[in-house]
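Here the structure is laid out as C-alpha cells; the discussion comes afterwards.
Each value in this text was obtained by applying a stated rule to the coordinates, not by laboratory testing. All figures in this text were calculated on a predicted structure; none of them were measured in a lab. Cβ atoms come from the backbone with ideal geometry, glycine included; neighbour counts cover every protein chain shown.
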Amino acid sequence: MKRKVEISGALKGYLFWPIILTVLLLGMNLSIYVIDNKAGIVMSVFVLIYFLIAVTIYYFKRHKIATELVRYAMDYGQVQKRLLKELPVPYAILDVDGKVQWGNDEFMDIIQQKNIKRKSITAIFPGLTVTSLPTVERDEITHITLGDKNYRVQLRKVKAPNFDEDANWNMYDMEKGDDLSNSLIAMYLFDETEIITLKRENKEQKLIVGLLYIDNYEEALESIDEVRRSLLTALVDRKVTKYMQSIDAVIKKLEKDKYIFVFQYKYLSFLQNNKFSILDEVRGVNIGNEMAVTISIGLGVNAENYITSYEYARAAIGLALGRGGDQAVIKDRDKISYYGGKSIQIEKNTRVKARVKAHAFREIIEGKDKVVIMGHKLGDVDSFGAAIGVYRIATTLNKKAHIVINEVTASLRPMMNRFVGNPDYEEDMFLNNEKAKEVVDNNTILVIVDVNRPSYMECVELLDYTNTIVVFDHHRQTNEAIKDASLSYIEPYASSTSEMVAEILQYIGDNLRLKSLEADALYAGIMIDTNNFLTKTGVRTFEAAAFLRRNGADATRIRKALRSDFNDFKNKADAITNTEVFMDYFAISMCDSNNSESPTVLGAQVANELLNIAKIKASFVFTEFNNMIYISARSIDEVNVQIIMEKLGGGGHLSVAGAQLENCTVEEAIQKLKSILENMVNNGEL
C-alpha cells in the first residue's frame, strides 16, 4: 500500500498564505464600508471571489504541486546519484562491520573487482583492519598501499535515518531485505602516491655532512719505515676516496688526518647495511706497519640546515673519538647510532694530554673555594681510589674537599675504614647526598670520577647546584652525557680512572706526594679494574703503578684488604658451578646476592673467573640487588662486550662492560641477553 504524499512544513505554510491574506482584504473591506456602502458591497464581492479561488487552489492544486515536487526530487536524486557515481574521488559506503554496501566508479576501478557487495573492506585492502574503522562520529585517517599506489583513507561514521520497509535505496544499490543499521561509514580514498614519491625524492636528495678522522695517524706512521710512510698514507687516501666515490660523495682533506665529505641521504641506508665497511678496509691496510690504521666517522643527519648538520657531525665524531675510535657514529637530532668499535683501543704512549689536562684542572681548582668529588652508585675501588687522588690534589692546593659516598660495599669498606676517624683527615671528608647538597654551590667544583652518565651517578642532583663540573673517566661515552662540563678528560684506552688520576698527580705541581694509604687506594683501583694487571694494561698502566709504588703503595697490604669472606667465596663457587654455556662460546651465570654485602663486585669477580675456561669468548654474570638486575660482562679479545651491553642500556669497554636493568626478573634479563647474542651472531656483528 502506497503512502499518500502530504505537503507539510514551510511549503504548506507558503501555499496557505493566500487564504491568510483574505483577513487583510476583509480589514480593507470594512474600511471602505465606513467611507461608502456601495463601494464596500462591490469590494465584498471581490473579496469573496478571491477567497473562493484561494481555497480552491489550495485544496485542488496542492496534490499536483506535491507531485511535481516529488518528480523534481526524483530527478534531482538521479542527478545526485549520477554525480556521486562519477565522482573523481574514490568513494564507498560501508556498514558498521566494515562490509562494502556500495562503491562509485573510481572506487571500482581501483580495486578491479566486480562483485564487492557485502565483502569485507579488510579483504579488499589488507592494510585496513577492523580497529581502523571509526566507532564514533569522527573522521579516522589512515594510510594504505594497494599495488604500486599509496592512498590516504578517510573514514567517517554517519548516522542514517530509520528506513521504512517501503523505502527505496536505489541510490546506493541496496536491495530490500538488507539488514541495515542506523549508522554507515563513508570511505574516501585520496591518491598520495605522487606526494609520497616527491617527499621521498626530496629527502633522498638532502645532503648529509660527514667528518672522517684517522685515529692513530702519527702512531701508525712511526710503526713503519720512513720510506714506506708516504705509501701507507697514499693507500689510506685511496681507500677512503674510492669508498666515497661509491656513494657519490664529495670529499675534501682538511688536514693530514682529517676529511670532510658530503653525500645524498639515499646512500645512508647503504652505509648502514654494510656497517660502514670502510672501517674494516682501512684497518686491513698493511704494508709492514705494526699498528693497524683506524678511522672514525661522524655523520649529522636530518638537520634543519647544513650548518646544523655540520655541528651534528662534529658532535658525532667527538663521541666516536671519545669512545675509543675505529667506529662510525650517526647523530640524527637526539638519536645516536653506533657502528663498528670492535677493535682494541691503542694506548697512546705520549702523556702530553694528561699534562695539559692536569694544568687546566689546577687552574679551575685555584679559581674556586671548595671541591666535591663524586663517583657512581655503589662505588667500587676504582672510583674510590680516583676520588682519593683528586682529594689529595685539592688539599695540596689548600682547598676544602669532600667525597660523596652513600652506600659503602663490603669490598670498599676496608679501604674506606683507613680514612674514617684518621686524624690526618677531616671528619667531614665523606658526605652523603643530603649533606653534599648543603655544601655544593656556585663556588664549588664538582669532580665526577669513573662515570660519565648522569643516571649512574651517586647524586645526579648535584649537577644543578654548580656550573663548574670536571669529569675524569675511562668508560666509553654514550648519547647520555654530562653537558657543559668545564673540563672533560675521558680516555677509553686507559685501564682505570685511578690510572688517569695517577698521571695527573705527576703533573699537578707543588711537589705533590701521596701518603701510603692514598697510594694504596689508587693502586687497588688499578688492580681491580685490570683484574690484577691482566686486562687492558699498557705501558702507561705500569708507569702509573710504578709511581704509586714509589709513593708507598704496598701490594701485599692491598691484597689482604681486598680478600673475600667465606660466604662470598661460596657464592662465587656456586655461580661458577651453575654456569650455562650458550652457543658454545658464551658463559652465562647468575650470582646469588644473599649473605653478600657486595654482590655486584662478586658478580664481576665471577665473570673474570669464567674467562679462564677454554673456548669461552665472553662471560655474563647476572646479580639481583636492590630491585635491580646488574650484569657484569667480560671478554679477553675476541668479543666486544661493550656493544652487547649498550643494547641493554649499559656500556663500558671492549673487554669490560656492564648494564643495569629494572622492572624485570633475572630469567627475563637472561632471555634478553640470549636474544641479543643470537641476533648479533646471525647478523655478523660478533
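Set the Förster distance to 35 Å, then compute FRET efficiency between Ile57 and Leu87 from the Cβ-Cβ distance, nearest 0.05. Computed FRET efficiency for Ile57 and Leu87: 0.25.
The aspartates and glutamates within cross-link reach of Lys357, meaning a Cα-to-Cα straight distance under 15 Å and a gap of 8 or more places when in the same chain, are Glu366, Asp473, Glu491, Glu499, Glu503. Straight-distance candidates among the lysines for linking to Lys99, with alpha-carbon spacing under 20 Å and chain neighbours fewer than 8 residues away dropped: Lys85, Lys114, Lys117, Lys119, Lys157, Lys159, Lys176. Protection proxy ranking for 25-36, 629-640, using the average of other Cβ atoms within 10 Å per residue and placing the highest first: 629-640, 25-36. In order along region 285-291, the phi-based Karplus estimate (6.51 cos²θ - 1.76 cosθ + 1.60, θ = phi - 60°) of 3J(HN,Hα) comes to 5, 8, 10, x, 6, 6, 10 Hz; Gly and Pro are listed as x.
Given R0 = 25 Å, the distance between the Cβ atoms of Lys647 and Asn612 translates into a calculated FRET efficiency of 0.45. In a fully extended conformation the segment linking Asp334 and Val356 would gain 4.8 nm over its present Cα-Cα distance, using 0.36 nm per residue. With each label modelled as a point 7 angstrom along the Cα→C-beta vector, the Phe542-Arg200 pair spans 5.9 nm.
In order along region 602-614, the phi-based Karplus estimate (6.51 cos²θ - 1.76 cosθ + 1.60, θ = phi - 60°) of 3J(HN,Hα) comes to 4, x, 5, 5, 5, 4, 5, 5, 5, 5, 7, 7, 4 Hz; Gly and Pro are listed as x. Backbone amide hydrogens, once placed in the peptide plane, bring Ser593 within less than 5 Å of Glu624, excluding anything fewer than 5 places away on its chain. How many nm separate the modelled label positions at Val460 and Leu69, each set 7 Å beyond the Cα in the direction of the Cβ? So the two model labels end up 7.3 nm from each other.
Couplings for region 501-516, taken from phi via the Karplus curve 6.51 cos²θ - 1.76 cosθ + 1.60 with θ = phi - 60°, read 5, 4, 5, 4, 4, 6, 10, 6, x, 6, 6, 4, 9, 7, 7, 4 Hz in order; Gly and Pro are left as x. By DSSP, the beta bridges lying fully in the chain are antiparallel in about 70 percent of cases. Counting only alpha carbon atoms, the long axis of helix 37-85 and the longest principal axis of the chain meet at about 40°.
Remark: relative contact order (region 352-561) = 25 percent; criterion is Cα-Cα distance under 8 angstrom and separation of 6 or more residues.
Highest mean packing comes first when the peptides 546-558, 441-453 are listed by Cβ atoms within 10 Å, giving 441-453, 546-558. Using a cut-off of 20 Å between Cα atoms, the listed pairs Lys399/Lys437; Lys377/Lys560; Lys206/Lys331; Lys206/Lys266 include Lys377/Lys560 as exceeding that distance. With both labels modelled 7 Å from their Cα along Cα-to-Cβ, the Leu26 to Lys275 distance reads 10.2 nm.
When restricted to Cα atoms, region 567-682 yields an Rg and a Dmax of 12.8, 40 Å, respectively. The mean sequence separation of alpha-carbon pairs under 8 Å and at least six residues apart, normalised by the residue count of the chain, gives a relative contact order of 7 percent. Stretching the chain fully between Asp554 and Val136 yields a gain of 142.7 nm (0.36 nm per residue, less the alpha carbon separation). Residues whose amide H falls under 5 Å from that of Gly127, counting only those 5 or more places apart or on a different chain, are Thr145, with hydrogens built in the peptide plane. Estimate the FRET efficiency between Lys252 and Asp574 by the formula 1/(1 + (r/R0)^6), using the beta-carbon distance for r and 60 Å for R0, to the nearest 0.05. Computed FRET efficiency for Lys252 and Asp574 comes out at 0.50. Each Lys and Arg contributes +1 and each Asp and Glu -1, all at the Cβ; summed about the Cα centre of the chain, the dipole is approximately 1840 debye. Helical runs assigned H by DSSP (4 residues or longer) give the chain a calculated mean residue ellipticity at 222 nm of -13000 deg cm²/dmol, each run adding -39500 (n - 2.57) before division by the residue total. Quick check: the angle from helix 193-204's long axis to the longest principal axis of the chain, C-alpha only, nearest 10 degrees? With both axes taken from Cα atoms, the answer is about 20 degrees. The angle between the Cα long axis of helix 539-550 and the longest principal axis of the Cα atoms of the chain comes to about 50 degrees, rounded to the nearest 10. For the chain, a Kirkwood radius taken over Cα pairs fed into Stokes-Einstein (20 °C, viscosity 1.002 mPa s) yields D = 67 µm²/s. Segment Arg413..Val581, full-extension length gain: 57.1 nm, with 0.36 nm per residue of separation and the alpha-carbon distance subtracted. Ranked by the mean number of other Cβ atoms within 10 Å per residue, highest first, peptides 659-667, 330-338, 617-625, 310-318 order as 617-625, 310-318, 330-338, 659-667.
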